[in-house]
Amino acid sequence: MSELLDRNITQRTLRKLDDPKPRRTSRERSARYRAGRAIGYIAMIVFAAALLTPFFWMIMSSLKSANEVFSVPVQWLPETFVWSNYVEIWSRSDIITWIRNTLLVSTVVTLLQVLTGSFAAYGFAKMRFRGRDVLFLLYIGTIAVPWQSYMIPQFILLTEAGLSNSLVAIMLLQAFGAFGVFLMKQYYETIPEELSEAARIDGLSEYSIWRKIMLPLSVPALASLALLTFVNTWNDYLGPLIYLRNPDLWTLQLGLRSFVSNLYDTNYALLFAGLTISIVPIAIIFMLGQRYFVEGIATSGLKG
Amino acid sequence: MATSARTAAPPAARKVPQHRPGSKLRRHNTIVGWSFILPNFLGFGLLTLVPIVVLFYMSFTNWNAFGTADWVGFANYERLLTDGSFRISFLNTLYYTVLHIPLTIVASLGLALLLNNKLRGVAFFRTAAFFPYITSIVAIAVVWNLLFSPDSGPINEVLRAIGITEPPGWLTSPEWAMPAVVIVGTWRDMGYYMVLFLAGLQTVPRELHEAARMDGAGVWQRFVNVTLPCLRPTMFFVTVMLTINSLKIFDLILVMTGGGPGQSTSVISQFIYRRGFEENQFGFASSAAVALFFLCIAVTVVQFLWNKKRSV
């Protein structure tokens, strides 16, 4: 069975990988084909090693004792696995507060972004009205404008509104991005117009069409947007850095960063345990929703 | 973008009669349409559009921490032109951009071509390639800082093992700090652009490859003459995004080097941050921000026009 499957894949890959002329004898084909495959696998292993070694090193270091992290020559595996780092980090830092803040901000931002983004995208994709195209151009145009260029006036405006040094500021900052509108609009445009037409004839209002037809049909796109937004907010460093002065409000990224700069004799093993903890939720979310991540990013690139 | 939206307009809307009753329907449509966009637009307008407009005003004032702002005309811009550390930041940004763009394109396109084959383990590999992109910048910076450590870091240890007796000082040396940051930047970004290239590769018609093969084109010839031309829209989008993302590079540098050693990795965004948030020279910082704004817009427009010219 597996052999059969292999030959099947073999033949398909054959055409793609080194595309030999069909007239060639089968022995010639398989030799060239095997060489190509071998090169492919070697390249894959090299790339994978380059991509994953830093993670491997991080996790291994989180299980070392404090001195072992910097030992020369480098020790890739800890002598004894110091699991207590993962216990100590909870008591020796405010990591619980940081996680709570990060979780709160990420969840609220994701909800707001998905709701307002898909709502606005319906207007852009399925409605015709004056000013629509100009407005959309404004949205698209800001994708080329880096946040770093307007972070100062934005900070001043939010400070004037009394929101600096608050989690609300971080939520507002992230929740209304043009990207979400763009992503959802791309998806809605693939949904046949006849569906909403038929619903209109049946007497559904535009709002009901959005809620009863578009939302259920766009679950994959909503999932993409939700996952990308959540991860981005979870990992955001600059926003919290500028707005959050009060340590009680720190997010995970700020907290871990302060861990590096504040302690003179930083216990790096402990720090690595904290970093690993900060990555685990994102890794799990990513593994579960990988398909949606990839689709979301691919869609955003389709219409340069 | 606007033209494509217009051509995609629903056919039903065109059936709307052109006389009086239509105008009432149109007004109704406008109101409903705006009501859809409004919730998002409130946030978007107040937190993105208004700040951009205010930015231009601020750059012509001497706005400082006390909120007093006098109109100073082009004084900030004149100062910017003669400011030594802005010049350094500007050149460093270009340096990063020029290194980062080709490196990332080659790496991510290579990854995409590799993954486009049906090799075993491709699914796992794609996950691995994407992983750095979803990892927080703080974790990336801390881990790579130690990996790059000149005396006790694994990277230099490997280099010494393969016979390089005096490996670079990486983040501690002014010459090697920027290349080190570029390496980490490429490592982080290549999974993201790989996904874009993979999507682009799906649009390359099989028949073209078959035809080229019939004509006796080798693997490399087919890549240059078939794959690359078909990838042009993707390549365009990737280049634009990469350019903007490189020009605004900030968080990676802030956590990895803080702009140092000396000013060897200081970039425009960091210049804005320093003058604005650390020294409270909001007016002066805004003029640098306007420069960054126009740099990104100009590069995007140029690339857009170039792409148009070539596709005609």
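Read-outs throughout are calculated quantities, based only on the coordinates presented, and are distinct from any laboratory measurement. What you are looking at is a predicted structure, and each value in this text was computed from that prediction instead of being measured. Because the Cβ atoms are built from the backbone with ideal geometry, glycine has one as well, and the counts that use them run over all protein chains shown.
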- Task: Apply the membrane-span-like helix rule to chain B: whole DSSP H runs, Cα extent along the own long axis of at least 24 Å, mean Kyte-Doolittle hydropathy at least 1.0. List the helices found.
- Result: B:84-115, B:177-201, B:282-311
- Message: Can you give the FRET efficiency to the nearest 0.05 for B:Met214 and B:Phe294, using r as the Cβ-Cβ distance and R₀ = 60 Å?
- Response: 0.75
- Message: Please compute, for peptide A:58-66, the average count of beta-carbon atoms on other protein chains lying within 10 Å of each residue's beta-carbon.
- Response: 1
- Excluding residues fewer than 8 places away in the same chain, name every one of the aspartates and glutamates whose C-alpha is closer than 12 Å to that of A:Lys126. A:Glu189, A:Glu193, A:Glu194, A:Glu197, A:Glu206
- Task: Taking 7 Å along the Cα-to-C-beta vector as the label spot, tell me the A:Val87-A:Ser71 distance in nanometres, rounded to one decimal.
- Result: 2.2
- Out of A:Leu238, A:Leu270, A:Leu256, a Gaussian network model of chain A with alpha-carbon springs under 10 Å gives the largest mean-square fluctuation to A:Leu238
- Message: What translational diffusion coefficient, to the nearest whole µm²/s, does the range A:26-104 have by Stokes-Einstein, given a Kirkwood radius computed over alpha-carbon pairs, a temperature of 4 °C and 1.567 mPa s viscosity?
- Response: 79
- At most 15 other Cβ atoms within 10 Å plus a DSSP loop assignment makes a site exposed; report the longest stretch of chain A without any exposed trypsin sites (Lys or Arg not before Pro). A:131-244
- Honestly chain A on the Cα gyration tensor test (a ≥ b ≥ c root eigenvalues; a/c under 1.5 rounded, otherwise a/b vs b/c for prolate or oblate) is just oblate
- Item | Estimated D of the range B:190-312 in µm² per second, where Rh is the Kirkwood radius over Cα pairs and Stokes-Einstein applies at 37 °C, 0.692 mPa s | 187
- Query: Scattering from the C-alpha atoms of chain B alone, worked out with Debye: what is log10 I(q)/I(0) at q = 0.08, 0.10, 0.16 1/Å?
  - Reply: -0.55, -0.82, -1.34
- Item | Pair-distance profile P(r), taking every C-alpha pair of the protein assembly as shown, with 10 angstrom steps and integer % | 3, 14, 23, 25, 20, 11, 3, 1, 0
- Query: Can you give the FRET efficiency for A:Glu160 and B:Leu94, using 1/(1 + (r/R0)^6), R0 = 41 Å, r = Cβ-Cβ distance, to the nearest 0.05?
  - Reply: 0.70
- Measure out, as a whole number of angstrom, how far apart the alpha-carbon centroids of the range B:23-91 and the range A:234-258 sit. 25
- Query: Taking only C-alpha pairs under 8 Å that are 6+ residues apart, what is the relative contact order of chain B in percent?
  - Reply: 27
- For peptide A:187-194, the mean count of other chain Cβ atoms within 10 Å per residue Cβ is 1
- Distance in nm between pseudo-label sites at A:Glu189 and B:Trp306 (7 Å out along the Cβ direction from Cα): 2.5
- Item | Relative contact order of the range A:93-302, defined on C-alpha pairs under 8 angstrom at six or more residues apart (%) | 35
- Task: Please give the length that would be gained between B:Val224 and B:Tyr77 if that part of the chain were fully extended, namely 0.36 nm times their separation in residues minus their C-alpha to C-alpha distance (nm, one decimal).
- Result: 48.4 nm
- Query: From the cross-link list B:Lys248/B:Lys308; A:Lys212/B:Lys308; B:Lys118/B:Lys309; A:Lys212/B:Lys118; A:Lys185/B:Lys309; B:Lys24/B:Lys308, which pairs have alpha carbons spaced over 30 Å apart?
  - Reply: A:Lys212/B:Lys308; B:Lys118/B:Lys309; A:Lys212/B:Lys118; B:Lys24/B:Lys308
